[in-house]
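Notes to accompany the following structure.
What follows draws every value from the coordinates through simple rules; no lab data is involved. What you see is a predicted model; the values in this text were computed from it and never measured. Here the Cβ is made from the backbone with ideal geometry for all residues, glycine too, and neighbour counts use every protein chain on show.
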Amino acid sequence: MKRIAVIPGDGIGPEVVREAVRVLKHLQDTKAVELEFVDFDWSAEKFLRDGVSLPPGALEMLTAEFDAILAGAFGDPRVPSNKHAEDILLGMRRGLDLYINLRPVRLLNERLTPLLNRKTSDIDFVVFRENTEGAYCAAGGFLKHGTDDEIALQEDVSTRRGVERIIVAAFEYARENGRKRVTMADKSNVQRFGGDLWQRVFKEVAKTYPEIEANHQYVDAMAMHMVLDPAQYDVIVSNNLFGDILTDLGAAIQGGLGLAASGNIHPGKVSLFEPVHGSAPPLAGKGIANPIGAILTSAMMLEYLGFQTLSNEIEDAVRGAISANETTRDLGGQLSTQQAGAAITARLVNTGKK
């Protein structure tokens, strides 16, 4: 039995997570997989009502009692500081030491990409984004705050341990999945200190994987090449900030944020899986949000939990639904969020529980 903590979140989060859970429960009913779902209301609504975002003891509870976390999206305009979303997402990433942000960039149907004349095989890579350090470590401050001479300091922190483990994870993934190349993105020609550390560690780690090609691109050049020649990429590894930017570009060339899945992972420990499209408050409650990102995220979670075959089945069902135009309007279909989720669920082969 695998226990899943479900945190629907805000905005469209509850709507898309509902469809992801629908798919998982269908597999539970028809396949040899035992899952238990426990819902947690850690929404902005609760934060505004009770003043609690991530409850005391939550991280210890998640670590001790659950195998994975399936989350929706966080963010509400009624919390302009974004404190609630940061407390939960960054709190779990740091508190659970989820140092790998894994983002697959995979074109599921040729009609989805805005790039001209691209085959599905041309856009098929993964990004390993360092997830606990970098520019998102909250180090910095103000001098002379609120004056004409104000100075804002935002520090970017890289540690040898943090850099090495994300690079090793990228190479290990390449080795285990038959990928031939790992490309590291940085801006070491300007960010000399952190860049120097990333460069040295990347070269050292690469020597221990002689069968895998290791190359480097400056992040601005990579953004250009990702559009002009995405087929060159197998595995990309980068720091927190650049990884964040590159993965959104990756989502765009695969068909949009509504398709983008992600995992926040510490191998062997409870890990967090979430679609990356955001809470999109203007779309909430209208039944038009695309559930595919959340459904593919649930497939990533199953893969992490050891159910590779079922994960593949979900992706095949998604591909089939897209090919048949059984999608929400953002992908050219006419279905509601619920109807799109039902269409994907119906495509899963019902073989009966073994």
remark   = Here the gain from full extension of GLU34 to ARG192, 0.36 nm per residue of separation minus their alpha-carbon distance, amounts to 51.9 nm
key: Length-normalised contact order of the chain in % [C-alpha pairs under 8 Å, at least 6 apart]   = 24 percent
task = Could you work out how far the C-alpha centroid of region 149-205 sits from that of region 264-335, in angstrom?
result = 28 Å
task = Just subtract the alpha-carbon distance of LYS180 and MET1 from 0.36 nm times their residue separation and send over the number in nm, one decimal.
result = 60.9 nm
ask   = Going by how many other Cβ atoms sit within 10 Å of their own, how do THR183, THR30 line up, fewest first?
value = THR30, THR183
inquiry  = Per 0.36 nm of contour for each residue apart, how much would the distance between ASN312 and THR159 grow if the chain were fully extended, relative to their Cα-Cα spacing?
reply    = 51.5 nm
Counted charge near SER53, where neighbours are those whose Cβ lies closer than 9 Å (Asp, Glu -1; Lys, Arg +1) = 0
The chain - mean residue ellipticity at 222 nm from DSSP helices (-39,500 (n - 2.57) per run, n ≥ 4, rounded to 500) = -13000 deg cm²/dmol
Rough spin-label spacing in nm, given labels placed 7 Å along Cα→Cβ, for ARG200 and ILE245 = 2.5 nm
message = Once you place label points 7 Å from the Cα toward the Cβ at ASP149 and ALA324, how far apart are they in nm?
response = 6.9 nm
note = About its Cα centre, the chain carries a charge dipole, from +1 on Lys and Arg Cβ atoms and -1 on Asp and Glu Cβ atoms, whose size in debye to the nearest 20 is 720 debye
request  = Report, by chain and number, residues whose modeled amide H sits under 5 Å from the one on PHE37, excluding near sequence neighbours (fewer than 5 apart, same chain).
outcome  = ILE4
request  = Can you check what the net charge comes to around TYR99, using other residues whose Cβ is under 15 Å from the Cβ of TYR99 (Lys, Arg +1; Asp, Glu -1)?
outcome  = +2
ask   = What net charge is computed for the residues neighbouring PHE128, neighbours being all others with C-beta under 12 Å from the C-beta of PHE128, Lys and Arg scored +1, Asp and Glu -1?
value = +1
remark   = Spelling it out for ILE123: with amide H atoms placed in the peptide plane at 1.01 Å from N, the residues 5 or more places away or on another chain with amide H under 5 Å from its amide H are LEU107
query = Hey, quick one: spin label on LEU48, modelled 7 Å out along Cα-Cβ, who in region 270-303 has an amide N within reach, i.e. under 19 Å?
reply = 278-287
message = Can you give the FRET efficiency to the nearest 0.05 for MET61 and LYS83, using r as the Cβ-Cβ distance and R₀ = 22 Å?
response = 0.55
query = THR120 to GLN232: FRET efficiency via 1/(1 + (r/R0)^6), r the Cβ-Cβ distance, R0 25 Å, to the nearest 0.05?
reply = 0.95
